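Working notes, beginning with the structure itself.
No value in this document is a laboratory result; all are computed from the given coordinates. Everything quoted here is computed from the prediction, not taken from an experiment. Positions of Cβ are generated from backbone atoms using ideal geometry, with glycine treated the same way; all protein chains shown enter the neighbour counts.
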Amino acid sequence: MPQRTPQSGLFAAPDAPKTTGDWISAHCDGGARGNPGPAGFGVYVQSHEGMVLAELSEFIGFKTNNVAEYSGLLAALDFALQNGHPRLRVVSDSELMVKQIQGKYKVASPDLRPLFDEAKRRIAKLEGFQIEHALRAKNKHADRLANLAMDRGMGKKTAATPYPNAEKPIKGFVKDGVVHLLEGSLPDGVFVTVQRAKQD
């Protein structure tokens, strides 16, 4: 799957590992302002070691919350399949979607049925799949991405940051042309700006 630019909603580490048997995790969220209303989804994908593999954020038009939630799940499944990750663990704050995928709730909505069927088809192509419900507080990265998507769709100008706290300065120093961080770390594929420290 060709990578999209940040403006179209996908942030991915360019050197993210391909074709691995390890589990990856995807936090998914979807929302609509008005239900139905301007809708979008966000997906925050990490490796089993916690490295950020991708951030997906897409405006999907005038839809319901539940359609947006399913759209996020489908995007996560597509990412796993297209990038050679056969084992996917999904976390979502949509209890309805999670329990429908688990077979605990029936899918009565004609709008959701085709999305549910497509999700099941994609899940069947994986070697391993898990899905679990989490409260919104534990799904904050995906929620941020979903809101960015809705903002873009509504014409709101937002500073799309590919990684959490990207706007927060990180202190370090340069030695022999190599940047050394004094604290913390950055995921692979992040672009940084180096500024000369002010002299007192």
Mind listing which GluC sites (Glu not before Pro) in segment 98-161 are in a DSSP loop and have 16 or fewer other Cβ atoms within 10 Å?
Glu127
Which residues' amide hydrogens lie under 5 Å from the amide hydrogen of Leu53, considering only partners 5 or more residues apart or on another chain, with H built in the peptide plane?
Val45, Gln46, Ser47
In whole angstrom, how far apart do the alpha carbon centroids of segment 106-128 and segment 45-76 sit?
15
So for the pair His133, Phe62, with labels modelled 7 Å out along Cα→Cβ, what separation do we get in nm?
3.1
Set the Förster distance to 25 Å, then compute FRET efficiency between Lys140 and His48 from the Cβ-Cβ distance, nearest 0.05.
0.75
Phi-derived 3J(HN,Hα) across segment 133-142 with the Karplus relation (6.51, -1.76, 1.60, θ = phi - 60°), rounded Hz, x for Gly and Pro, is 8, 9, 5, 4, 4, 9, 10, 5, 5, 5
Going down the table (Lys106/Lys138; Lys104/Lys157; Lys63/Lys140; Lys63/Lys106), which pairs top 31 Å between alpha carbons?
Lys104/Lys157
